[in-house]
Amino acid sequence: MVALQSITDEIAELKKSRRAVILAHHYQDREIQELADAVGDSLELARQAREFSGELIAFCGVWFMAETAKVLNPDRVVIVPDRQAGCSLVDSCPVDQLRAWRAANPDYTVVSYINTSVEVKAESDILCTSRNAVKVVNSIPADKPVLFLPDINLGNYVREQSGRANMKIWQGACIVHATFAARKLSAARSEHPSALVAAHPECPKDVLRMADFIGSTSAIVDWCATQDGGEFIVMTESGVRYSLEKMSPRKKFHFIANEQCNCSECPHMKRNTLEKLRDALLHLRPRVELAPDLMERARRPIERMLAIR
């Protein structure tokens with residue numbers, strides 16, 4: 001406890017001296033979320049990144065999120081605790097493959113999930129998050145064909161909700177959500193028959209069919225807080241337990257293991273630690289550094305997304 005308190009005190013002092021803001025995704029460990037100035041999903045943190053008044057952003061999430069913060073704050077320093085905190089969805093969509101696809105299909109509007117590299121964002125027409133993906137796709141004229149990338153499960157959900165037939169979907173997947181199994185959810189429902197099921201739209205279709213609610217991480221937190229029921233099975237990364245219990249302290253939340261790691265944790269999100277956050281604030285690295293022209297091209301589709309409420 002003394003060592004932990006010492007680290008948190010160091011972080012607090014460095015944050016003050018650096019005029020820093022700490023942003024943390026819901027999937028971070030509890031001790032990081034407790035220190036953060038803002039905790040949220042990708043859309044909330046994208047907005048938070050451009051609304052604070054300090055000089056330094058310490059982004060506790062994964063690398064593509066920090067890139068987005070840098071694009072929206074080109075004159076501020078953006079650091080991360082661990083440069084190796086990546087994303088399987090980013091890896092599934094290399095920018096050279098997207099450029100080749102666009103060259104062969106010039107009539108398509110490219111809608112990119114925020115879980116993409118900054119280079120892919122720069123090649124996109126508009127971005128989306130899991131919270132606003134349906135709204136973003138519906139904002140595109142109905143006669144305009146759409147490429148949705150890179151998450152196949154979110155893409156299938158959006159196509160179903162929007163009724164959009166002229167929509168192609170990239171074949172990427174989240175290593176956490178895509179490996180949740182319907183049979184394990186069925187077993188959990190049998191064990192907790194009164195529990196409501198909340199699922200992230202990156203989950204497979206057979207899991208989503210069993211859900212009482214489908215939404216982004218923050219939407220799940222908000223929905224659980226408004227329900228009369230006192231027990232929930234939550235089909236997303238288990239780091240969200242902190243936010244769920246903070247908003248609904250008298251409710252119970254159950255998480256099931258996926259097929260990939262027999263857990264419900266993202267290995268990339270869990271690379272970040274208090275020690276790494278302290279060292280990043282101390283040394284100002286790892287630092288996100290992007291070319292000005294790349295940031296400008298990536299900013300346009302991000303701003304188009306943020307303009308949709």
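The values are calculated or read from the model by the stated rules, or taken from the named source; none is laboratory data. This is a predicted model, so every value here is computed, not measured. For neighbour counting, all protein chains shown are included, and Cβ atoms are generated from backbone atoms with ideal geometry for every residue, glycine included.
Quick look at the numbers
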{"read-out": "Residues of region 60-90 that turn out to be out of contact with any Ser or Thr (no Cβ under 7 Å at 6 or more places or on another chain) and either β-branched (Val, Ile, Thr) or without any contact (Cβ under 8 Å) to a residue 24 or more places away in the chain (or both), as a count", "value": "9"}
{"read-out": "Criterion: in contact with a Ser or Thr (Cβ under 8 Å, 6 or more places away or on another chain), touching a residue at least 40 places away in the same chain (Cβ under 8 Å) and either outside any helix (DSSP H, G or I) or charged (D, E, K, R) (or both) - qualifying residue of GLU265, GLU275", "value": "GLU265"}
{"read-out": "Helices (runs of 4 or more DSSP H) contained in region 184-254 and holding at least 1 residues under 23 Å from GLN33 (Cβ atoms) and touching a residue at least 24 places away in the same chain (Cβ under 8 Å)", "value": "217-226, 241-247"}
{"read-out": "Residue match in region 263-283 (condition: on the phi > 0 side of the Ramachandran plot and exposed (fewer than 15 other Cβ atoms within 10 Å of the Cβ))", "value": "no"}
{"read-out": "Number of positions in region 41-59 that are under 19 Å from HIS283 (Cβ atoms) and without any contact (Cβ under 8 Å) to a residue 24 or more places away in the chain", "value": "0"}
{"read-out": "Matching residues in region 126-136 - criterion: being without any contact (Cβ under 8 Å) to a residue 40 or more places away in the chain and touching a Phe, Trp or Tyr at 6+ places or on another chain (Cβ under 7 Å)", "value": "none"}
{"read-out": "Close pairs from region 285-299: first touching a residue at least 60 places away in the same chain (Cβ under 8 Å), partner of a type in the set (Ser, Thr, Tyr), Cβ under 9 Å, at least 6 apart", "value": "ALA298/THR68; ALA298/SER124"}
{"read-out": "Unmet requirement for PHE59, which otherwise passes all of (1) buried (at least 16 other Cβ atoms within 10 Å of the Cβ); (2) more than 26 Å from GLY163 (Cβ to Cβ); (3) modelled with pLDDT under 95; (4) not β-branched (Val, Ile, Thr)", "value": "(3)"}
{"read-out": "Among (1) touching a helix residue (DSSP H, G or I) at 6+ places or on another chain (Cβ under 9 Å); (2) surrounded by 15 or more Cβ atoms within 10 Å (Cβ to Cβ) - the single one GLU303 does not satisfy", "value": "(2)"}
{"read-out": "Index of the failed condition, ASP96 passing every other in (1) surrounded by fewer than 17 Cβ atoms within 10 Å (Cβ to Cβ); (2) among the charged types (D, E, K, R); (3) within 30 Å of ALA12 (Cβ to Cβ)", "value": "(3)"}
{"read-out": "Candidates SER6, SER53, SER17, filtered to the one that is over 16 Å from the mean Cα position of the chain (by Cα), farther than 19 Å from MET295 by Cα and in a loop (DSSP other than H, G, I, E, B)", "value": "SER53"}
{"read-out": "Unmet requirement for HIS192, which otherwise passes all of (1) modelled with pLDDT of 95 or more; (2) crowded, with 17+ Cβ neighbours inside 10 Å", "value": "(2)"}
{"read-out": "Unmet requirement for ASP75, which otherwise passes all of (1) among the charged types (D, E, K, R); (2) part of a loop (DSSP other than H, G, I, E, B); (3) at pLDDT 95 or above", "value": "(3)"}
{"read-out": "Every residue from region 23-40 that is over 15 Å from ASP82 (Cα atoms), touching a strand residue (DSSP E or B) at 6+ places or on another chain (Cβ under 8 Å) and either touching a residue at least 40 places away in the same chain (Cβ under 8 Å) or of a type in the set (Lys, Arg) (or both)", "value": "HIS26, GLN33, LEU35, VAL39, GLY40"}
{"read-out": "Helices (runs of 4 or more DSSP H) wholly inside region 84-179 containing at least 1 residues that are over 22 Å from LEU294 (Cα atoms) and of a type in the set (A, V, I, L, M, F, W, C)", "value": "95-104, 133-138, 152-162"}
